[in-house]
Each structure stands twice: as C-alpha cells, then as structure tokens.
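Computed from the coordinates by the stated procedures, all read-outs in this text should not be read as laboratory data. Predicted, not measured: the structure shown is a model, and the values here were computed from it. Don't worry about glycine lacking a Cβ; one is built from the backbone with ideal geometry, like all the others, and counts go over all protein chains shown.
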Amino acid sequence: MKKMPPPLPPDAKCTRCRSQATIRLPNHHMNFCPDCFTHFFQTAVHRAMKKYGISRATPLLVAVSGGKDSLALWNVLNQLGHVTRGLHISLGIDDFSEASTAAVDRFAQERSLPWTQYSLKEIFGYDLMEIKRRSRRRICSLCGLLKRQMLNRLTIKEGFQVLVTGHNLDDEAGRLLGNLVYHRSEHLRKQSPFLPTPHGKMPIRFKPLYRLDAQEVRNYCSLQGIHSLEAACPLSRGATSHIFQEALNLLEREMPGTKRQLLYGYLERHPASPSTIPFVPCTICGEPTYEDTCSVCNLRRHLEKNSAKE
Ligand code: AMP
Ligand code: ZN
C-alpha cells in the first residue's frame, strides 16, 4: 500500500517567507506557500540553464506533447524571459493524439505563444497506429526513436540550434536505473541533461526540468492554471520505463532523496562523452548517421516490406 505523507498542519509555515504553507516537499524537508513554491520551481530551472550556459539570448525550440511536463517547461521558460517556439508532432494515436494537440493549442492560445505542428504521417509516411500494425517490434521504442530523430531534424528545419524537452527528475532517474540494470553502455554515455551538438545538422539537446520531480511539476501546473492532458498513452501500458520509475518511488518513500542521489551522483561522476565514430550522410535521405542508411530510413524500409506481405 502507498504510504502518503501526512497533510500539512494548519499552522505549518513556509520555509522561505514564514506565511501559511500549503505545499509539502518531503524530499527537500521544506514546505512552501504558493508564491514561494513558484519561486523554487523557477529557480531550479534557472540554475539548470546557468549550469549549462544557456542564456536568454539563445532561442529555444520547446518540444511540446500536451502533457504536464512539456507545458510546464514552456511556461517557466517564458516566465524566465527566454525566447521560445513550441513544436508538436501529432503521432496519430487515435483520440489520445487529438487530445494532446488540443491541449497544446489551448495552452498556446491562452498565452499567445507561437508554435508549429507536424504530423508523423506527413513527415515519416506512417502514423503510430499503422506502424503498430506493420511491425512486431516494441512500439514504445519505435515511437521513441522517431520522436528523437524527428525532433532533431525539425529543430534544424525551424532554424533553431537548441531543442529542449520536458523530461523531469523521475524520467531521468528511471532511465538511468534501467540503463544500469541492463548495462547499456551506449545509452549511459549519453545520460546527461545536456548533450552538445555532435554535428552541424543536429541540435543541442537539453532537459531543463531534470532537477524537478513529477509531483513538483504537477503542483506547478495546478498553481499556474495549466490544463495538460492527464491521460497516459494507450500504447505505453506496461512499459518498462514506468516500472523503473515505480521502483524508485518506492525507494523514495522509504528514503527521501534517493532519486536525486542516484541521478546527481551519477552525473557528477560520469560526464557525457561524445561518440568518436564519424558521421556520414545517409545514402537515402542525407541526414547524418553512423551507418550507410539512417535509423529512420531503415524503419521505413522495414515497414514497407511488411506492407508488401499483406
Ligand atoms: P515522452 O517520451 O512521452 O516521455 O516525452 C518526453 C518529452 O518529449 C516531452 O516532455 C516532450 O518535450 C517531448 N515530446 C513527447 N511527445 C512529443 C510530441 N508528440 N511532440 C513534441 N514533443 C514531444
Ligand atoms: Zn536516412
């Protein structure tokens, strides 16, 4: 059974300003009033930007899914005075994708923020439901591959050099645990909130929310009136990434601070190391790749072959 922290007593004081506290952060041993919590959230993002040398002069392309993390990220970057543009890929997962796009649209309209929408079908040739029908490979890893590659390519196409995504502390710590359990050394090499650009046609990738956990993001969204899509992706049930995050939540409940200890300790000891393999242009699409053909073209060929069998 889940052990929930006890509610804050009515006389609990905000750690920062001593007024009535309403938000408990057990992992930091702090309680906050709404204004001071917002300050705490903004400071965590500001520190991350400073640590990795991203100034307000750098325009940021924000990958927005419609979920809580990426909308919170877009919101806080604007509060901190960064120049941003949203980028949303409609994946074609039936009602789920329609609701995701609607959440991005509503958020951007309410705040008059610019964004661009692409559909996976239009940029890749197949949407996610078609991919699922045509391939036996794990759909979450295919989706992850396509999002990663397409977000990189579209960032450059939109004229930006820095791509930011909404991955939070839970995502990053969970991913690290999974990579350690399976000894995925290639993935571990890239386990960093900041990846410099390895090639002129690829953007810098940065995750400014890596110091904030999922509950902190939820609190921030509710204080800021952000209406994100609550539903989880219907194709991702039972994904191993969720199980690793759950395992860390169990450890965190018994030993507050475990998630941060795991991630920050690892990052301090293992700075990301760039690959030494040279890039070559994909013989089909010309995008940089390590092989003759890139992973996107390989996947497209695999799906075409499977359609020929039908
Ligand atoms: P996920 O892979 O769903 O955990 O999402 C991680 C991050 O990738 C999100 O916080 C977004 O920044 C970005 N992202 C996920 N899905 C999309 C999408 N459909 N369009 C644009 N960005 C996305
Ligand atoms: Zn290619």
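For residue 277, what charge total do you get from the other residues with a beta carbon under 14 Å from its beta carbon, if Lys and Arg give +1 and Asp and Glu give -1?
Working: positive: 189, 190; negative: 186, 291, 292.
Net charge around residue 277: -1.
What dipole magnitude, in Debye to the nearest 20, does the chain give about its Cα centre under +1 on Lys/Arg Cβ and -1 on Asp/Glu Cβ? Display every interim value, and only then the final one.
On the way: 43 positive and 28 negative charges, 121 e Å.
For the chain, the charge dipole is close to 580 debye.
Please get the size of the charge dipole for the range 174-233, origin at its Cα centre, with Cβ charges of +1 on Lys and Arg and -1 on Asp and Glu, quoted in debye to the nearest 20. Don't skip to the answer; put the middle values down first.
On the way: 9 positive and 4 negative charges, 70 e Å.
Value, rounded to 20: 340 debye.
Considering the options 220, 262, 295, tell which one lies farthest towards the positive end of the dipole of the chain, charges being +1 on Lys and Arg and -1 on Asp and Glu at the Cβ, about the Cα centre.
Comparing the listed Cα positions along the dipole, 262 ranks first.
Quick one: 3J(HN,Hα) in Hz for the range 212-222, Karplus 6.51/-1.76/1.60 with θ = phi - 60°, rounded, Gly and Pro as x.
Whole-Hz 3J(HN,Hα) from phi for the range 212-222: 10, 8, 4, 5, 5, 5, 4, 4, 4, 4, 5.
Antiparallel as a % of all DSSP beta bridges within the chain, to the nearest 5?
Working: 8 of 22 bridges.
Of those bridges, close to 35 percent are antiparallel.
Treating the Cα atoms of the range 1-115 as identical point scatterers in vacuum, please give the log10 of the normalised Debye intensity I(q)/I(0) at q = 0.19 Å⁻¹, two decimals.
Once normalised to I(0) and log-transformed, intensities are -1.01.
Rounded to the nearest 0.05, what FRET efficiency do residue 30 and residue 223 give with R0 = 22 Å and r taken as the Cβ-Cβ distance? Could you check? Could you put the intermediate results ahead of the total?
Working: r = 16 Å, r/R0 = 0.72.
Efficiency for this residue pair is about 0.90.
Which is farthest toward the positive dipole end of the chain among 169, 188, 10, measuring Cα position about the Cα centre, with Cβ charges +1 (Lys, Arg) and -1 (Asp, Glu)?
The Cα lying farthest towards the positive end belongs to 188.
With springs only between Cα atoms under 10 Å, which of 94, 171, 213 fluctuates most in a Gaussian network model of the chain?
94
Once you put a point 7 Å from the Cα of residue 94 and another 7 Å from the Cα of residue 243, both along the Cβ direction, what distance in nm separates them?
2.5 nm
Write down Rg/Rh for the range 59-153, rounded to two decimals, with Rg from the C-alpha atoms and Rh from the Kirkwood relation over Cα pairs.
For the range 59-153, the value is 1.00.
If you take the Cα atoms of the chain, find Rg, then find the Kirkwood Rh from the mean of 1/r over all pairs, what is Rg/Rh?
On the way: Rg = 20.2 Å, Rh = 20.9 Å.
Expressed as Rg/Rh, it is 0.97.
Stretched out fully, how many nm does the piece from residue 187 to residue 80 gain, at 0.36 nm a residue minus the Cα gap? List each step's numbers first, then the result.
Numbers: separation 107, 0.36 × 107 = 38.52 nm, distance 3.12 nm.
Stretched fully, the residue 187-residue 80 segment lengthens by 35.4 nm.
Suppose the chain between residue 116 and residue 269 were pulled fully straight at 0.36 nm per residue; how much longer would it get relative to their current alpha carbon spacing? Each step should come with its number before you reach the end.
Working: separation 153, 0.36 × 153 = 55.08 nm, distance 3.80 nm.
That works out to 51.3 nm of additional length.
So if R0 is 45 Å, what FRET efficiency would residue 201 and residue 251 give, r being the distance between their Cβ atoms, rounded to the nearest 0.05?
Values: r = 40 Å, r/R0 = 0.90.
According to the calculation, E is roughly 0.65.
Once label points are set 7 Å from the Cα along Cα→Cβ at both residue 214 and residue 141, what is their separation, rounded to one decimal in nm?
In this crude spin-label approximation the distance works out to 2.2 nm.
Once you charge only the Cβ atoms, +1 for Lys and Arg and -1 for Asp and Glu, what is the size of the charge dipole of the range 1-157 about its Cα centre, to the nearest 20 debye? List each step's numbers first, then the result.
Values: 25 positive and 11 negative charges, 155 e Å.
The dipole magnitude comes to about 740 debye.
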